[in-house]
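Accompanying notes for the structure given below.
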Amino acid sequence: MSTLSPDVGVDAPPHAPPSVPVAAPVRWLGHLVDWAVIAMGTALIILVFVNVVIHAFGKDMAWMTELGELLMVWVTFLGGAAAAQRGAHMSINEFLDKLDEPKRRWADAAVQSLCLVVLAVVCFYGVRIVAGGWDNTLTTLEWPMSWQYLPLPLGCGLMFAFVAWDLLQILRGVPRAQRYPQD
């Protein structure tokens, strides 16, 4: 009789931690964020390249620079959400690594709970900033300024969802090695 978890494949090495199944909506949301970052990042690379080429010929298209700045803001906040879904944000773990598993779990839960509070506050004020920016416009694109502010509450809202999912897994007793397996 095999002692492997049903989540671990037969070919998986015995030392590999079993993976935790991710709920379909969380997985779907994660893929959506990843593809949005890839698409916007690709568009940003193309815009910057074209803008450099145009500048080499002594020309300038200000809207390209402004669109590039707008995309950079979107990629930054959505990239933060992509990092949150992988548990990849920078952290200092010297203290946490010294704790035994039950204490580590509660410390992780406390950290994630604090993150949720901060994300909720930033999201709340971000929504207010977006609401107040619809009357202002970007200089050259003449789009509402709120399009540049929107990634703040959206990205923080997505981070909130991923951190809340992680907190739920922590409270269920799933260790970090299973929540975020190293490839």
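The values are calculated or read from the model by the stated rules, or taken from the named source; none is laboratory data. Just so we're clear, the structure is a prediction, and the values are computed from it rather than from any experiment. All Cβ positions, even for glycine, are placed from backbone atoms using ideal geometry, and neighbour counts span all protein chains on display. Heavy atoms of the whole protein, side chains included, go into the accessibility calculation; ligands, DNA and RNA do not. Shrake-Rupley method; radii C 1.70, N 1.55, O 1.52, S 1.80 Å.
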ask   = If we scan segment 87-109, do we find a residue that is open to solvent by less than 50 Å² (accessible area, probe 1.4 Å) and within 17 Å of VAL33 (Cβ to Cβ)?
value = yes
message = Step by step: first the residues of segment 46-73, then only those that are open to solvent by 90 Å² or more (accessible area, probe 1.4 Å) and within 23 Å of TYR149 (Cβ to Cβ), then the one that is modelled with the lowest pLDDT. Which residue is that?
response = TRP63
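Would a scan of segment 97-104 turn up a residue that is part of a loop (DSSP other than H, G, I, E, B) and basic (Lys, Arg)? Show your work before the answer.
Let us first name the residues in segment 97-104 that are part of a loop (DSSP other than H, G, I, E, B), namely 98-100.
Still in the list and also basic (Lys, Arg): 98.
Among the residues of segment 97-104, at least one is part of a loop (DSSP other than H, G, I, E, B) and basic (Lys, Arg), which makes the answer yes.
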note = Picked from segment 165-183 (must be buried (at least 16 other Cβ atoms within 10 Å of the Cβ) and among the aliphatic types (A, V, I, L, M)), the residue modelled with the lowest pLDDT is VAL174
note = Restricting attention to segment 129-156, the residues that are of a type in the set (D, E, K, R) and under 21 Å from the mean Cα position of the chain (by Cα) number exactly 0
message = Six or more apart or on different chains, Cβ atoms under 9 Å: show the pairs whose first residue is in segment 137-153 and open to solvent by 30 Å² or more (accessible area, probe 1.4 Å) and whose second is aromatic (Phe, Trp, Tyr) and in a loop (DSSP other than H, G, I, E, B).
response = THR137/TRP143; PRO144/TRP134; MET145/TRP134
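Output the residue which, of all residues in segment 4-45 that are of a type in the set (A, V, I, L, M, F, W, C) and part of a loop (DSSP other than H, G, I, E, B), is modelled with the lowest pLDDT.
To start, the set of residues in segment 4-45 that are of a type in the set (A, V, I, L, M, F, W, C) comprises 4, 8, 10, 12, 16, 20, 22-24, 26, 28-29, 32-33, 35-40, 43-45.
Now drop any that are not part of a loop (DSSP other than H, G, I, E, B), which leaves 4, 8, 10, 12, 16, 20, 22-23.
Working: LEU4: 40, VAL8: 43, VAL10: 45, ALA12: 44, ALA16: 46, VAL20: 58, VAL22: 69, ALA23: 79.
The residue in question is LEU4.
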remark   = Log entry, pairs with first residue in segment 45-56 being within 12 Å of LEU67 (Cα to Cα), second being loosely packed, with under 12 Cβ neighbours inside 10 Å, beta carbons closer than 9 Å, six or more apart or on different chains, reads ASN51/ASP60
ask   = Which residues, taken from segment 111-135, are open to solvent by 70 Å² or more (accessible area, probe 1.4 Å), assigned to a helix (DSSP H, G or I) and not aliphatic (A, V, I, L, M)?
value = PHE124, TYR125, ARG128
Long-range neighbours under 8 Å by Cβ, at least six apart or interchain, first residue small (Gly, Ala, Ser) within segment 159-183, second at pLDDT below 95 and not in a helix (DSSP H, G or I) = ALA177/PRO17
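Go through segment 126-167 and give me each residue that's among the hydroxyl-bearing types (Ser, Thr, Tyr) and over 21 Å from VAL37 (Cβ atoms).
Of the residues in segment 126-167, the ones among the hydroxyl-bearing types (Ser, Thr, Tyr) are 137, 139-140, 146, 149.
The answer is THR137, THR139, THR140.
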